[in-house]
1. Scan (1) open to solvent by less than 40 Å² (accessible area, probe 1.4 Å); (2) at pLDDT below 90; (3) outside any loop (DSSP other than H, G, I, E, B) for the single condition Ile139 breaks and write down its number.
2. If the Cβ limit is 8 Å and pairs must be 6+ apart or interchain, which residue in region 117-135 that is open to solvent by 50 Å² or more (accessible area, probe 1.4 Å) pairs with which residue that is modelled with pLDDT under 80?
3. Phe83 is checked against (1) in a helix (DSSP H, G or I); (2) open to solvent by 90 Å² or more (accessible area, probe 1.4 Å) and fails just one. What number does that condition carry?
4. Among the residues of region 1-44, write down those that are open to solvent by 80 Å² or more (accessible area, probe 1.4 Å) and of a type in the set (D, E, K, R).
5. Could you tell me which residue of region 46-89 is farthest from Ala108 (Cα to Cα), considering only residues that are of a type in the set (Lys, Arg) and at pLDDT 90 or above?
6. Mind checking which pairs have a first residue in region 89-115 that is part of a loop (DSSP other than H, G, I, E, B) and a second that is open to solvent by 70 Å² or more (accessible area, probe 1.4 Å) and among the hydroxyl-bearing types (Ser, Thr, Tyr), Cβ under 8 Å, 6 or more apart or different chains?
7. What number of residues within region 61-80 satisfy the criterion of being open to solvent by less than 60 Å² (accessible area, probe 1.4 Å) and not in a helix (DSSP H, G or I)?
8. Somewhere in region 41-50, is a residue in contact with a strand residue (DSSP E or B) (Cβ under 8 Å, 6 or more places away or on another chain) and of a type in the set (Val, Ile, Thr)?
Amino acid sequence: FTRAMLRAMASEGSIRGAVGEITGVAFPGLSAEGGGLEGDLTPRAATAEQTNSSVQLGARFFLKLYRVAEQGPNPEYELGRYFLGAEGYRGTSRLAGALEYRGRGGEAATLATLHESVPNQGDVWALTRDSIGRFYERILADENLPAEPPPSTGTRVERARNSPTAAQAPSQNNITVRVT
């Protein structure tokens, strides 16, 4: 199935159905000059947490299948096309291909996008969790932490009606967070 989608993109072919048509779109990374479908494209399910279905294709491409297709270009597809035209811009992986579905009289919906892979050491979600974990480890290891507040009495509603005492008031010290 993955290889069929890649071939449809690379050939810019169309498959006509009873009520619509699926069309492949190729960009420079998938063209014959860009290497086409040559090399190791062994499919491997992506392990990152996502709301879509993704497949890593060797070390060359990353295929994303959108679980919800809506009329109009997917924002990722639209931005990918825009950045292809931005001469010299390399701040994101380059769009290599796409699959679109067009129903009768409707605007095309993006079914899948294909991006060139970028070597990396993980995903942003894991980086964020690790950074937050290190932040709390530093805070908890700080010997200058204020004393633990006394246990609360009464219900939350009762405590919310009372003004905090000086010991319970939030500290006016600023904490600077630096993610490295």
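1. Answer for Ile139: the failing condition is (1).
2. Asp123/Ala48; Asp123/Glu49; Trp125/Ala48; Trp125/Glu49
3. (2)
4. Result: Arg3, Arg7, Glu12, Arg16, Glu33, Glu38, Asp40, Arg44.
5. Applying the filter and picking the extreme gives Lys64.
6. Pairs found: Ala108/Tyr101.
7. Filtering region 61-80 for residues open to solvent by less than 60 Å² (accessible area, probe 1.4 Å) gives 61-66, 69, 72-74, 77, 80.
With the extra rule that they be not in a helix (DSSP H, G or I), the set shrinks to 61-66, 69, 72-74.
Within region 61-80, residues that are open to solvent by less than 60 Å² (accessible area, probe 1.4 Å) and not in a helix (DSSP H, G or I) number 10.
8. Yes - at least one qualifying residue is present in region 41-50.
The values are calculated or read from the model by the stated rules, or taken from the named source; none is laboratory data. If you're wondering where the values come from, they're calculated on a predicted model, not measured in any experiment. Every residue, glycine as well, gets a Cβ built from its backbone with ideal geometry; the counts of neighbours run over all protein chains shown. We work out accessible area using only protein heavy atoms, side chains counted, and drop any ligands, DNA or RNA first. Shrake-Rupley method; radii C 1.70, N 1.55, O 1.52, S 1.80 Å.
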